[in-house]
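Since every read-out is calculated from the coordinates, none of them should be taken as a lab result. Model, not experiment: these values are computed from the prediction. Cβ coordinates were reconstructed from backbone atoms using ideal geometry, including for glycine residues, and neighbour counts include every protein chain displayed.
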Amino acid sequence: MSTASLAGRWVSGRQFRPVVLNVVSIIAFLVVWHFASALVNSPFFPPPYKIVQAFVSLAQHGDTMGNSLWAHCWASLYRVLVGFAAGVVLGVPLGLLMGLMPGFYAATRSIVEPFRFIPPIAWIPLAIIFFSGLPRFAFLIFIGSFFPVFTSTLVGVSRVEQIHRKVAVVYGASRFYVLTHIVLPTVLPDIMGGMRVALGAAWLTIVAAELSGGTSVGLGRMMVNYAELLQISDIVVGMVLIGALGFAMNEILLSIERRLFRWRWQVTL
């Protein structure tokens with residue numbers, strides 16, 4: 001067997017190994033969950049097969065109000081995407097602006113930074129007063145998404161090597177060239193990292209946003225409806241779907257990041 005063939009098998013084996021380990025981890029988790037549920041023997045701690053039954057029932061018949069499970073998933077996903085996109089669209093330019101103009105950031109820091117510590121849930125009363133429909137949910141999710149992107153972009157600008165900028169300027173590069181060919185490529189890994197954090201914040205906010213009322217669909221609203229009925233299995237279905245959708249979106253961002261930054265070193269122990 002040739003060396004190239006052996007190397008190819010070794011690489012494919014390394015790529016396949018994480019999948020196997022994750023499958024084993026999931027099976028182990030479900031087994032522990034099943035036996036823990038049997039040990040507790042409480043209707044408030046259902047075993048995994050009860051969650052599967054609840055999922056099948058919701059998928060086939062919808063919830064108690066006649067809304068399909070897929071309508072709930074799409075409503076929450078759409079709201080997250082709109083609020084998350086707004087956070088990225090505003091967070092990246094503002095982070096670049098304040099990073100490239102440290103004097104401006106220093107002068108407005110006492111205004112900007114306190115907002116970062118106000119949780120999205122605290123904005124719900126104002127969101128109820130000033131917004132309705134999609135803008136209400138998008139606003140709350142935007143609040144949760146904006147600051148991770150803004151902060152990571154702001155910090156990323158400080159990592160730009162001054163020597164690179166100075167060399168470009170010496171050779172007659174314009175400010176726009178320096179921004180697009182030096183600053184952005186350096187800051188982009190930080191922006192992608194901030195986007196992943198913001199995505200998690202967006203999904204953390206969705207339940208609170210849908211609790212603000214004005215809707216009958218959405219995974220958060222579905223979970224609250226079943227909480228009032230003490231239907232634990234149906235609540236867990238909503239939790240699992242939020243986790244699965246968030247995980248899938250995070251994997252998409254990770255895939256994009258791997259393709260964009262193949263040049264980065266991977267540090268292992």
task = Determine by what factor the alpha-carbon radius of gyration of region 106-182 differs from 2.2 N^0.38 Å, reporting the quotient.
result = 1.62
note = With the charge dipole of the chain built from beta-carbon charges (+1 for Lys and Arg, -1 for Asp and Glu) about the Cα centre, the Cα from Ile27, Gly66, Leu179 projecting farthest to the positive end belongs to Leu179
inquiry  = Over the Cα atoms of region 46-260, each weighted equally, I'd like the Debye log10 I(q)/I(0) at q = 0.08, 0.09 Å⁻¹, rounded to two decimals.
reply    = -0.37, -0.45
ask   = Tell me, in nm to one decimal, what length is gained between Arg109 and Leu97 on full extension, where the rule is 0.36 nm per residue of separation less the Cα-Cα distance?
value = 3.0 nm
message = Taking the 0 to 90 degree range and rounding to the nearest ten, how far is the long axis of helix 69-100 tilted relative to the main principal axis of the chain, both from C-alpha atoms?
response = 20
request  = For region 122-242, would you read off the P(r) tail past 24 Å as a percentage of all alpha carbon pairs?
outcome  = 49
query = In what sequence, highest mean first, do 73-85, 241-253, 224-236 appear when ranked by Cβ atoms within 10 angstrom?
reply = 73-85, 224-236, 241-253
